[in-house]
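First the structure, in the form of structure tokens, and then the observations on it.
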Amino acid sequence: MRTLPYFAFLILASSLRADPLAGAWETFPSQANANAWSLYSYEDQIVAPPPWADPEIDDNTYAYSFFLGGKGVWFFADGLTAEGAFVGDYAAEKIAEIDVSVFIDPAEIDFLDLAIYADGPNGLGYYYSLTYQPEDLGEFPGWYELNFTFDDNWFSLQGGNATPFKPDQKFLASIQEIGVRVLPAVGVTSEGFVGIDDFILVPSVEAPSLSTSLSTGNFVLEFTPNPGVSATIQKLKPNFEWQDVAGQSDLIGFQIYTAAVGTGTALFRVAAEEKLTQVTSP
């Protein structure tokens, strides 16, 4: 099972931008993307961009680090990362969770978690997710897809004590930094390795509220999908299968759809799905 972290280390946060990108998806496609992230090493207490695995190393590019001195590492994004796509008002953008892929040997870790700098129960400071431990992963080195939802308990640390809380709108609206901490097991050397990829601000995928009306002989359907969500208008066919309405797929933002009213009955629905956007850093 996942448990809570037992210590913290503070890093100065960068300036806050108010508009995170729901569905932001960091795949580290370039050196510039990796350079826009920060890596803190517990060994030398230095913050620097993480190394980047380019296509000559792996077709699937990613950021990585070794456990220098057998100590932990902390990858984080702030207001300078991906032009601020990962910080700001998560509540307004209806961001539901953070997903990230981590390359790790489970036998080499003590735990890993997510750390967020925000305005929480103890004021502005660092707050922590539930942790993943070796038994939560697998038996072999490889990529593991991890999920950190805001429906779970998060934790504040004060005087070495961890106190759980549920993230509220104030907390989610004030996120200035977000990152992944990986702490190695006792005895792990500087040859120990961790990589991160596919860091995603997962949007809340919900069916949008629908408004219908009649106007001069037309059926009018209005709706707005959540940020980071695309919608498709579908119509029920006589064989009771749903069919996409032509030209009404991959819809984002406020929508107005009209159809002429004829004889008989027509049934429409709106399907919603996650829409990820790969971010870039200049």
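Between Thr263 and Asp44, 0.36 nm times their residue separation minus their Cα-Cα distance comes to what?
Gain on extension, Thr263 to Asp44, equals 71.3 nm.
For the pair Leu124/Val245, report the inter-label distance in nm, with labels modelled 7 Å from Cα in the Cβ direction.
About 4.7 nm separates the two model spin labels.
Pop out the carbon and sulfur fraction of the accessible area of segment 20-63 as a percent, whole number, probe 1.4 Å.
51
May I ask which residue of Gln31, Asn122, Thr263 lies farthest towards the positive end of the charge dipole of the chain, with charges of +1 (Lys, Arg) and -1 (Asp, Glu) on Cβ and the Cα centre as origin?
Result: Thr263, furthest along the dipole toward the positive end.
I'd like the GluC sites (Glu not before Pro) in segment 181-282 restricted to DSSP loop residues with at most 13 other Cβ atoms within 10 Å, sorted by number.
Passing sites in segment 181-282 are Glu191, Glu206, Glu241.
Using unit Cβ charges (K, R positive; D, E negative) and no other charged atoms, how large, in debye to the nearest 20, is the dipole of segment 71-113 about its Cα centre? Working shown, then result.
Values: 2 positive and 10 negative charges, 14 e Å.
It works out to roughly 60 debye.
Which of the GluC sites (Glu not before Pro) found in segment 39-95 are loop residues per DSSP with 12 or fewer other Cβ atoms within 10 Å of their Cβ?
The qualifying sites are Glu56.
Counting only heavy atoms of the protein chains, get the accessible area per residue of the chain (1.4 Å probe) and round it to a whole Å² value.
On the way: 13550 Å² over 282 residues.
It amounts to 48 Å² per residue over the chain.
Suppose R0 equals 51 Å; then what is the FRET efficiency for Asp59 and Val220 from their Cβ-Cβ distance, rounded to the nearest 0.05?
0.60
Within straight cross-link reach of Lys166, meaning Cα distance under 20 Å, which aspartates and glutamates are found once same-chain residues fewer than 8 apart are removed?
Qualifying aspartates and glutamates at Cα under 20 Å: Asp89, Glu93, Glu97, Asp99, Asp113, Asp119, Asp151, Asp152, Glu177.
Lysines near Lys275 by alpha-carbon distance under 25 Å, same-chain residues fewer than 8 away left out - which ones?
Lys94, Lys235
Read phi for every residue in segment 233-245 and hand back ³J(HN,Hα) as whole Hz from Karplus 6.51 cos²θ - 1.76 cosθ + 1.60, θ = phi - 60°, with x for Gly and Pro.
Each residue's phi maps through the Karplus curve to give 7, 10, 10, 6, 7, x, 8, 6, 9, 7, 10, 4, 6 Hz.
Answer with a single label: of (i) 0.99; (ii) 1.07; (iii) 1.34, which was calculated as Rg/Rh (Cα atoms, Kirkwood Rh) from the structure in view?
Read-out from the structure maps to (ii).
Gain in length, Lys170 to Gln278, computed as 0.36 nm per residue apart minus the alpha-carbon separation, to one decimal in nm?
That works out to 36.2 nm of additional length.
Karplus couplings for segment 28-41 from phi (6.51 cos²θ - 1.76 cosθ + 1.60, θ = phi - 60°), rounded to Hz, Gly and Pro as x?
Each residue of segment 28-41 in turn: 6, x, 9, 4, 4, 5, 5, 5, 7, 8, 10, 10, 9, 9 Hz.
Output wanted: per-residue J couplings in Hz (rounded whole) for segment 183-193, from phi through Karplus 6.51 cos²θ - 1.76 cosθ + 1.60, θ = phi - 60°, x for Gly and Pro.
Result, rounded to whole Hz: 10, x, 6, 4, x, 5, 9, 5, 7, x, 9.
Relative to the Cα centre, what is the charge dipole magnitude of the chain, using +1 at the beta carbon of each Lys and Arg, -1 at the beta carbon of each Asp and Glu, and rounding to the nearest 20 debye?
I would put it at about 1060 debye.
Using 0.36 nm times the number of residues separating Ser209 and Thr163, minus their current alpha carbon distance, what extension gain do you get?
12.9 nm
The values are calculated or read from the model by the stated rules, or taken from the named source; none is laboratory data. Just so it is clear, the structure is predicted and the values come from calculations on it, not from any experiment. Please note: Cβ atoms are built from the backbone with ideal geometry, for glycine as well, and neighbour counts cover all protein chains shown. All accessible areas refer to the heavy atoms of the entire protein, side chains included, with ligands and DNA or RNA removed. Shrake-Rupley method; radii C 1.70, N 1.55, O 1.52, S 1.80 Å.
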